[in-house]
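To start, the structure itself, in structure tokens.
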Amino acid sequence: EKCELDRQQLFVIDGEIINEMKQTNQLKRILTKKIKEKDLLVYYQPLFSTKSKRITGAEALVRMYDEKLGIILPYKFIPLAESTGEILDLGLVVFEKVCQYIQEHDLKEMGINFITVNVSPLQFEDTQLVHKFRQIARDYGVDLSMIEFEITESAMLNTALFDYQMKEFKKYNAHLVLDDFGMGSSNMQRLITYPFSTAKLDMSLVWSYFKGENHIMKHVIEIFKEQNLAIVAEGVEDQSMVKDLSEFGCEYLQGFYFSKPIPAEDFDRLVNQYNHN
Ligand code: C2E
Ligand code: MG
Ligand code: MG
Ligand code: MG
């Protein structure tokens, strides 16, 4: 009888796994097709400057649209693209869309200094990466210095490769941002050694500070300021966070308080309202 029960349990689990596999395969097919057709959406989330009280930047965040599934968020397909190696092409498609956006807009007139693009650690394995970025940027008449590249610490695990790519980026005056600081194994020493212009405090660090669970965020900000790093705080959701983070010396704030990531046209409208009054 016991054996019967086990078999039943096994069946239930199998059913779940099969279902999950089906979903993953479906998503994989959509992903491959979308990348091939360069049919990815890029949303923009504003960065608010506490000094000028204006929107001075934006982070480009990828989405996928499927007729049946609707808008698909990156947590569902970035890991998948990383597992298949398609993240290399995905990254270039997103970068191209951003270049096209910059070409079609007068960023200076809008009051926007940079657009920020996420770079997966796996993209670092392509030694032609910066070369490819430059070629795409050139096709759109875009200077690499208008784009900030967000890199996470896991890219630093392969030191030789990381050193090489950092030099490549710096050769062309690209701006480098360390993303997700305070999530996982953050290493202050490494951050300070490399030529980052900006450090981005991860939402988890910011939120735990405001919940009273850590006190280090303030000290982290102090150290970054001493190193002349600009600081972005992520996950800013209310007015009191805006007030405190501004007082602590965070130069840029990003979060739902200002806006969620939105399509380009909506971002244009938002900037227009926000920066021109
Ligand atoms: P990230 O680079 O740390 O991006 C910030 C994420 O936090 C975004 O999620 C954004 O919507 C969310 N966020 C910002 N402010 C708030 C807030 O106030 N409250 C809450 N609850 N969330 C907030 P999103 O767009 O879903 O992106 C998730 C992650 O996917 C990104 O984290 C990034 O690691 C990755 N990603 C997105 N686009 C790309 C891409 O083009 N290339 C690569 N390699 N990764 C990407
Ligand atoms: Mg990012
Ligand atoms: Mg981040
Ligand atoms: Mg994050």
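The values are calculated or read from the model by the stated rules, or taken from the named source; none is laboratory data. Values in this document were obtained by computation on a predicted structure and should not be read as measured data. Please note: Cβ atoms are built from the backbone with ideal geometry, for glycine as well, and neighbour counts cover all protein chains shown. Remember, those area values only see protein heavy atoms, side chains included, never the ligands or the DNA or RNA. Shrake-Rupley method; radii C 1.70, N 1.55, O 1.52, S 1.80 Å.
Across segment 46-75, which residue is nearest to ligand 2 (Cβ to nearest atom) among those that are part of a loop (DSSP other than H, G, I, E, B) and out of contact with any helix residue (DSSP H, G or I) (no Cβ under 8 Å at 6 or more places or on another chain)? My answer is L73. Among the criteria (1) among the charged types (D, E, K, R); (2) under 17 Å from the mean Cα position of the chain (by Cα); (3) over 16 Å from E251 (Cα atoms), the one K200 does not fulfil is (3). For segment 137-164, what are the residues that are at pLDDT 95 or above and either of a type in the set (D, E) or surrounded by fewer than 19 Cβ atoms within 10 Å (Cβ to Cβ) (or both)? The answer is R138, D139, Y140, G141, E148, E150, Y164.
Considering (1) within 12 Å of ligand 3 (Cβ to nearest atom); (2) touching a residue at least 40 places away in the same chain (Cβ under 8 Å), the lone condition that L270 does not fulfil carries the number (1). Go through the residues of segment 19-40 one by one and say whether even a single one is open to solvent by less than 60 Å² (accessible area, probe 1.4 Å), at pLDDT below 95 and not aliphatic (A, V, I, L, M). Within segment 19-40, one or more residues are open to solvent by less than 60 Å² (accessible area, probe 1.4 Å), at pLDDT below 95 and not aliphatic (A, V, I, L, M). If we scan segment 93-114, do we find a residue that is modelled with pLDDT of 95 or more and assigned to a strand (DSSP E or B)? Yes, that holds for at least one residue.
Name every residue in segment 164-186 that is within 19 Å of the chain's Cα centre (by Cα) and either away from ligand 3 (no atom under 11 Å from the Cβ) or part of a loop (DSSP other than H, G, I, E, B) (or both), in order of residue number.
Selection gives Q165, M166, F169, A174, H175, L176, G182, M183, G184, S185, S186.
Can you name the residue in segment 108-118 that is open to solvent by less than 10 Å² (accessible area, probe 1.4 Å) and away from ligand 4 (no atom under 16 Å from the Cβ) and, of all such residues, is nearest to K38 (Cα to Cα)? Can you show your working first?
Of segment 108-118, the ones open to solvent by less than 10 Å² (accessible area, probe 1.4 Å) are 112, 115-117.
Remaining after also requiring away from ligand 4 (no atom under 16 Å from the Cβ): 112, 115.
Values: I112: 26, I115: 20 Å.
Among those that are open to solvent by less than 10 Å² (accessible area, probe 1.4 Å) and away from ligand 4 (no atom under 16 Å from the Cβ), it is I115.
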